[in-house]
Amino acid sequence: MMNIHEFGKENNEIILLIHPSVVKWDYFENVISLLQEKYHLLIPALPGYDFENDSDFTSVEQIASELNDWLSTRGYRNLYAVYGCSMGGSIALMVTLEQRIKINHCIMDGGITPYQLPWFVTRFIALKDYLMMMLGRVGGISLLEKAFATDEYSKEDLQYVVDVLRHCSRKTLWRTFDSCNNYRVPEPVSDINTQIHYWCAKNEEKERKQDIAYMKRKFPQTEFTKLPDLGHGGLVLLKPEVFSEMICKLS
């Protein structure tokens, strides 16, 4: 059973916050204090990344369905927003597309969309990403300093990533990238009342080019926002006040 951490339970408006890969649920630690006075925060510890649970990551689709099950069984019928970064953005989108509860806003922060490529190419990309993560487990901070050179992460931040990588099973790491690259969006996409937002950091525009094109084609109602002077996944960690302001300003 997935662990869901809750804050600000006394508040009516609910936000589901879904963390990216290679971190734990406490990725949101810096924004909890900024949002819990106004919002009821739900923060799942995703399978494979929960240090209190030895389960493995399953798939984007299955985790999204389990989150909707959890929300439904507890009587939640409306979310102010579901936010997800990177892999979390993929899950946030699928939670929304199941349309089992009313969601006002779906925010994908550098969210990964399914690759529109031949099967063997997606296998190669997933293998490349998997091997990079395995190297990170072995190479430690020195290797990650090169990989995350676009942002001002401290050695403590990078050691945190190394610790998470060493906690994750090989199965979790492989499934994470394989599923994020190849999860299945419903065809055809039904009309939804949720406002979809795609946030992209300035320093990751090239890497997210195909994701942005996919969202424009598949979900033309998407609102796009560029985040200045940040790299992939940097908003929550490095600019928590900006993140909080952006969440609160959603119409």
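The values are calculated or read from the model by the stated rules, or taken from the named source; none is laboratory data. The structure presented is a predicted model; accordingly, all values stated were derived computationally and were not measured. Here the Cβ positions follow ideal geometry from the backbone for every residue, glycine too, while neighbour counts run over all protein chains shown. Side chains are part of the model used for accessible areas, which takes the heavy atoms of the whole protein and leaves out ligands, DNA and RNA. Shrake-Rupley method; radii C 1.70, N 1.55, O 1.52, S 1.80 Å.
The table that follows gives values for the structure above.
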| quantity | calculated |
| --- | --- |
| Relative packing of 49-61, 90-102, which averages over residues the other C-beta atoms within 10 Å, highest first | 90-102, 49-61 |
| Spatially proximal aspartates and glutamates relative to Lys239 (Cα-Cα < 14 Å; intrachain offsets below 8 disregarded) | Glu29, Asp109, Asp151, Glu152, Asp229 |
| J(HN,Hα) series, region 35-49, from Karplus relation 6.51 cos²θ - 1.76 cosθ + 1.60, nearest Hz, glycine and proline x | 10, 6, 6, 10, 10, 8, 9, 10, 10, x, 8, 5, x, x, 10 |
| Linear extension gain, Glu37 paired with Arg217, 0.36 nm per residue minus alpha-carbon span | 61.1 nm |
| Region 1-126 shape via C-alpha gyration tensor axes, a/c threshold 1.5 | prolate |
| Estimated FRET transfer efficiency when R0 is 41 angstrom, pair Trp70-Glu205 (beta carbons, to 0.05) | 0.75 |
| Sites Cys248 and Asn78 - FRET efficiency at Förster radius 22 Å, r taken between beta-carbons, to 0.05 | 0.80 |
| Net charge, Ser65 excluded, C-beta distance under 14 Å - Lys, Arg +1, Asp, Glu -1 | -2 |
| Inter-label distance for Ile4 and Gln99, nm, one decimal - labels placed 7 Å from Cα along Cα-to-Cβ | 2.2 nm |
| Distance (nanometres) between label positions extended 7 Å along Cα→Cβ at Glu29 and Arg166 | 1.7 nm |
| Region 158-251 - accessible surface per residue (Å², probe 1.4 Å) | 54 Å² |
| C-alpha center-to-center spacing [region 195-251, region 1-41] in angstrom | 19 Å |
